[in-house]
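Asks: Sharing a structure here in structure tokens format.
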Amino acid sequence: TPSMTAGINPKNVVGIVTELGGKTSHSAILARALEIPAVVAVSDFLGQVKDGDQVILDGDAGCVFVNPDVSVEKEYSDKRDAFLAEKKELEKYIGQPTVTKDGVTVELVANIGKPKDVEKVLEYDGEGVGLFRTEFLFMDRNSMPTEDEQFEAYKAVAEKMGGKRVIIRTLDIGADKQIDYFGLDKEENPALGYRAVRICLNKREVFKTQLRALCRASAFGRIAIMVPMIISVWEVRTVKEILERIKEELKEEGKEVGDIEFGIMIETPASVIIADELAKEVDFFSIGTNDLTQYTLAIDRQNAKLDMFYNAHHPAILRMIKMVVDAAHKEGIWAGICGELGADTTLTEEFVNMGLDELSVSPGMVLPVRNKVVNM
């Protein structure tokens, strides 16, 4: 599960193989963020291996070898050495601005799932945090984190980033990210069901607690709030009204609140189509390409049988991204990508040409993407 993956200590795990899941499932995404090679949807893997077997897994190609022969072992030993050498070579881009040869600047930031992930962002010279997945603060526990617990987590990230922008996504549970103590009903189509902002607007006290913690933490760094799964202007305005009331309450209590940017994730076809209207309500857009692809292509990203049909390079997806960027710029706001597609270096040049202002990727992909941008 995503919560299990988020709790893994990378020092103790060199690879992950699962029998279930899709390549863009949250567990796979988190494994990439932890820089742990992962291969998903390997049928009957547990029935084919036993303690003591040697396993080689290729996270790029999605291949697993059990008790490989000497030639395969040598091939992959050489591949690993080459990979590590390339990774070392990319360190020369630490400290360099992310600017193309003709002077176009791209803000290159990183996605995190918990406060300690900031260490990787700083190690790889991320220019900020483009997505803090706050749901993992709520997982692996028996009750909701208190306002103070959340405040301390958000404050820690803001302070460690030293004035660089930290975009914090409001609670995004549901679908494959379940929390037992929320008591969510089992759904036939959970990806299309009760999740993200839909839960927050129904469980207002849960939402208000998080927003209070975020507002308090904004006094200690550059915090932006981002709301997922938006499909309407009504949702955005409702969240903004709640947020403004909370700011006023905190000020009346004598608590300091910083300047907070407010944005939304564009991850549904509906939000793309009305992006011109939504842009009038917010400070920025961040495109969640994983769910946008799922909903646009009508493909369950958890279903491994559909991996061959799941195409994030589909012309419809690329056209939608361009539509969102154009709508944002027309209203004078910025637009970025925080989905996995942002780290796809085969599309980096196209994204820059589209006018995307920001790319948020897993920390380990910051330098490969910067390499691509500065050599364009």
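The values are calculated or read from the model by the stated rules, or taken from the named source; none is laboratory data. A quick note: this is a predicted structure, and the numbers were derived from the prediction, not measured. All Cβ positions, even for glycine, are placed from backbone atoms using ideal geometry, and neighbour counts span all protein chains on display. Each accessible area value is taken on the protein alone, full model and side chains, heavy atoms only, with ligands, DNA and RNA left out. Shrake-Rupley method; radii C 1.70, N 1.55, O 1.52, S 1.80 Å.
Asks: So which lysines pass the test for residue 208, namely a Cα distance under 16 Å, with those fewer than 8 places away in the same chain ruled out?
Replies: Of all the lysines, those that pass the test against residue 208 - Cα under 16 Å, at least 8 places apart if same chain - are 240, 247, 251, 255.
Asks: Going down the table (116/322; 79/155; 11/88), which pairs top 30 Å between alpha carbons? It would help to have the intermediate numbers written out before the result.
Replies: Numbers: 116/322 34 Å; 79/155 41 Å; 11/88 19 Å.
116/322; 79/155, as the Cα separations exceed 30 Å there.
Asks: To continue, here is another question. Using the heavy atoms of the protein chains and a 1.4 angstrom probe, tell me the accessible area per residue for the chain in square angstrom. Provide the component values of the computation, followed by the final result.
Replies: Working: 17440 Å² over 376 residues.
That works out to 46 Å² for each residue.
Asks: Additional query: Find which of 282, 360, 312 sits farthest along the positive direction of the dipole of region 279-376, computed with +1 on the beta-carbon of Lys and Arg, -1 on that of Asp and Glu, about the Cα centre.
Replies: In region 279-376, that residue is 312.
Asks: Moving to a separate point now. Let me spell out the model: positive unit charges on the Cβ of Lys and Arg, negative unit charges on the Cβ of Asp and Glu, origin at the Cα centre of region 75-186. What dipole size does that give, in debye rounded to 20?
Replies: Details: 18 positive and 24 negative charges, 32 e Å.
Charge dipole of region 75-186: 160 debye, to the nearest 20.
Asks: Given a 1.4 angstrom probe, I'd like the percentage of the accessible area of region 119-182 that is carbon and sulfur, rounded to a whole number.
Replies: Working: 1050 of 2370 Å².
Ligands and nucleic acids excluded, carbon and sulfur reach 44 percent.
Asks: Determine the percent antiparallel among the DSSP beta bridges restricted to the chain, to the nearest 5.
Replies: 15 percent
Asks: Something else: For the chain, what does the relative contact order come out to in percent, with C-alpha contacts under 8 Å and a separation of six or more? Spell out each step's value before the answer.
Replies: Values: 669 pairs, mean separation 66.5, N = 376.
Taking the mean separation of contacting Cα pairs over the length of the chain, I get 18 percent.
Asks: Which cross-chain or sequence-distant (5 or more) residues have an amide H under 5 Å from the amide H of residue 258, H modelled 1.01 Å from N in plane?
Replies: Under 5 Å from the amide H of residue 258 lie the amide H atoms of 218, 219, each far enough along the sequence or on another chain.
Asks: Ok, one more. On the accessible surface of region 233-351, probed at 1.4 Å, how many percent belong to carbon and sulfur atoms? Present the calculation step by step, with values, prior to reporting the outcome.
Replies: Numbers: 2680 of 5310 Å².
Using a 1.4 Å probe with all protein chains present, region 233-351 comes out at 51 percent carbon and sulfur.
Asks: OK, next. What trypsin sites (Lys or Arg not before Pro) does region 258-335 have in DSSP loop regions with at most 16 other beta carbons within 10 Å?
Replies: Sites meeting the loop and neighbour criteria: 280.
Asks: Taking Cα atoms, how many degrees apart are the long axis of helix 70-89 and the longest axis of the chain, rounded to 10 and kept between 0 and 90?
Replies: The answer is roughly 40 degrees.
Asks: Could you work out how far the C-alpha centroid of region 19-94 sits from that of region 232-302, in angstrom?
Replies: Going from one Cα centre to the other spans 36 Å.
Asks: Still on this structure, please answer the following. To the nearest 10 degrees, how steep is helix 204-217 against the longest Cα principal axis of the chain, on a 0 to 90 scale?
Replies: The helix 204-217 is inclined about 90 degrees to the chain.
Asks: Considering only 324, 64, 282, give the residue with the highest GNM mean-square fluctuation for the chain, with springs between Cα atoms whenever their separation is below 10 Å.
Replies: Sorting by GNM fluctuation, first place goes to 64.
Asks: In addition: Run lengths n ≥ 4 of DSSP H only: what is the helix-derived mean residue ellipticity at 222 nm for the chain, with -39500 (n - 2.57) per run over all residues, to the nearest 500?
Replies: Calculated at 222 nm, the ellipticity per residue is -11500 deg cm²/dmol.
Asks: When only DSSP loop residues count, what chymotrypsin sites (Phe, Trp or Tyr not before Pro) in region 306-358 have their Cβ near at most 11 other Cβ atoms within 10 Å?
Replies: Filter output for region 306-358: 309.
Asks: Report the extension gain between residue 311 and residue 188 in nm, rounded to one decimal, defined as 0.36 nm multiplied by the number of residues separating them, less their alpha carbon distance.
Replies: So the chain would gain 41.9 nm between residue 311 and residue 188.
Asks: Ranked from the most accessible area to the least, with a 1.4 Å probe and all protein chains present, what is the order of 209, 289?
Replies: 209, 289
Asks: Assuming 0.36 nm per residue, please report the length gained on full extension of the stretch residue 142 to residue 204 beyond their Cα-Cα distance.
Replies: So the extension gain works out to 20.4 nm.
Asks: Let me ask something else about it. Can you give the FRET efficiency to the nearest 0.05 for residue 101 and residue 323, using r as the Cβ-Cβ distance and R₀ = 22 Å?
Replies: For residue 101 and residue 323, the calculated efficiency is 0.20.
Asks: I've got another one for you. Starting from 0.36 nm per residue, how many nanometres of slack lie between residue 349 and residue 19 once their C-alpha separation is accounted for?
Replies: The residue 349-residue 19 span can extend by a further 115.3 nm.
Asks: Only sites in a loop by DSSP and with at most 12 other Cβ atoms within 10 Å count here; which trypsin sites (Lys or Arg not before Pro) in region 1-65 make the cut?
Replies: 11, 50
Asks: If you don't mind, there's one more thing I want to ask. So if I place +1 on the C-beta of Lys and Arg and -1 on the C-beta of Asp and Glu, and nothing else carries charge, what would the dipole magnitude of region 134-209 be about its Cα centre? I want it in debye, nearest 20.
Replies: The dipole of region 134-209 has a size of about 400 debye.
Asks: Please report the relative contact order for region 241-376, taking Cα pairs under 8 Å with a sequence separation of at least 6, and give it as a percent rounded to a whole number.
Replies: Result for region 241-376 is 21 percent.
Asks: Tell me the relative contact order for region 267-319 as a rounded percent, counting alpha carbon contacts under 8 Å between residues six or more apart. Each step should come with its number before you reach the end.
Replies: Working: 38 pairs, mean separation 17.4, N = 53.
Value for region 267-319: 33 percent.
Asks: What's the carbon and sulfur percent of region 59-113's accessible surface, probe 1.4 angstrom, rounded to a whole number?
Replies: Percent of accessible area from carbon and sulfur atoms in region 59-113: 54.
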